[in-house]
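The values are calculated or read from the model by the stated rules, or taken from the named source; none is laboratory data. Just so it is clear, the model here is predicted, and its values are computed rather than measured. Methodologically, a virtual Cβ is constructed for each residue, glycine included, from the backbone with ideal geometry; neighbour enumeration extends over all protein chains shown. Calculation scope for accessible area: heavy atoms of the full protein, side chains included, ligands and nucleic acids excluded. Shrake-Rupley method; radii C 1.70, N 1.55, O 1.52, S 1.80 Å.
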Amino acid sequence: MPEEDPVRIEAYRVELERRKDAVRDFAAGLPTWPDQKVVWEVGCGHGHFLNAYAEAHPDQLCIGIDLVGERVERSAKKKDRNQLPNLHFLRSEARLFLSQWPAERPFSRVFILFPDPWPKARHHKHRILQPEFLSALAGRCQPRAALHFRTDYRPYFDDAHQTLSAHSRWEVVAEPWPFEYETVFQQRATSYDSVIARRRPH
């Protein structure tokens, strides 16, 4: 078994702390918002959906994150062109972002639209909708907060629906989709499935 490189380990630790600090600084710099209506899009892509949503909902503070810096930059440019003070973007990984998000600013609504389905069985562990993620998300959401999930990969939908239905802190509900705006992925999809869940009050 190869020895661990202490230099690489330290570099990773420093980089991880930098990313955590970036989320904390981002959150601290956001304005307060009436009624604490905070909306989070996980994997915002080029920001088309969240720009449209924020424009239609000026009473809500909207936050989008993505792992790809170029996508975040393009999203932010759209935000600036549209002059949306209630919309903000950050480059970050979802689990890390969630771990550093202040609990005193819980989300009222979360969107996960067309995430990577990781179709191979050995890669299913990388899917975002896992029990551990849902537990952490519930801890950062208001009671009865809504989680909106949409995918064009039916096996992932089935898995996500089952995971949500089995989770003690979430309840799958029959509600209309709150806001329709076609993302690039949705335009390309021949079909897709959606599920909405509410965070249980306790």
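Odds and ends about this structure:
For (1) closer than 21 Å to Glu17 by Cα; (2) among the polar types (S, T, N, Q); (3) modelled with pLDDT of 95 or more, each residue gets a yes or a no:
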residue: Asp66; (1), (2), (3): yes, no, yes
residue: Arg71; (1), (2), (3): no, no, yes
residue: Ala94; (1), (2), (3): yes, no, yes
residue: Ala103; (1), (2), (3): yes, no, no
residue: Pro106; (1), (2), (3): no, no, yes
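- Remark: pairs (first residue in the range 178-202, touching a residue at least 12 places away in the same chain (Cβ under 8 Å); second residue outside any loop (DSSP other than H, G, I, E, B) and hydroxyl-bearing (Ser, Thr, Tyr); Cβ separation under 7 Å; 6+ apart in sequence or on different chains) = Phe179/Tyr53; Tyr181/Tyr53; Tyr192/Thr151; Asp193/Thr151.
- Neighbours by Cβ (under 6 Å, 6+ apart or cross-chain): first from the range 24-51, charged (D, E, K, R); second open to solvent by less than 50 Å² (accessible area, probe 1.4 Å) and outside any loop (DSSP other than H, G, I, E, B): Arg24/Gln100; Lys37/Ser108; Glu41/Leu50; Glu41/Gly64; Glu41/Phe111
- Selection status of Arg19, free of Cβ contacts under 8 Å to residues at least 60 places away in the same chain and either among the basic types (Lys, Arg) or over 25 Å from Phe179 (Cβ atoms) (or both): no
- Hits in the range 176-190 (condition: open to solvent by less than 70 Å² (accessible area, probe 1.4 Å) and either assigned to a loop (DSSP other than H, G, I, E, B) or among the acidic types (Asp, Glu) (or both)): Trp177, Pro178, Phe179, Thr183, Ala189
- Members of the range 146-158 found to be surrounded by fewer than 18 Cβ atoms within 10 Å (Cβ to Cβ) and out of contact with any Ser or Thr (no Cβ under 7 Å at 6 or more places or on another chain), listed by number: Arg154, Pro155, Asp158
- Qualifying residue in the range 19-39 (condition: over 19 Å from Trp101 (Cα atoms), hydrophobic (A, V, I, L, M, F, W, C) and surrounded by fewer than 20 Cβ atoms within 10 Å (Cβ to Cβ)): no
- Only one of Pro143, Pro117, Pro102 that is open to solvent by less than 60 Å² (accessible area, probe 1.4 Å), in contact (Cβ under 8 Å) with a residue 40 or more places away in the chain and over 12 Å from the mean Cα position of the chain (by Cα): Pro102
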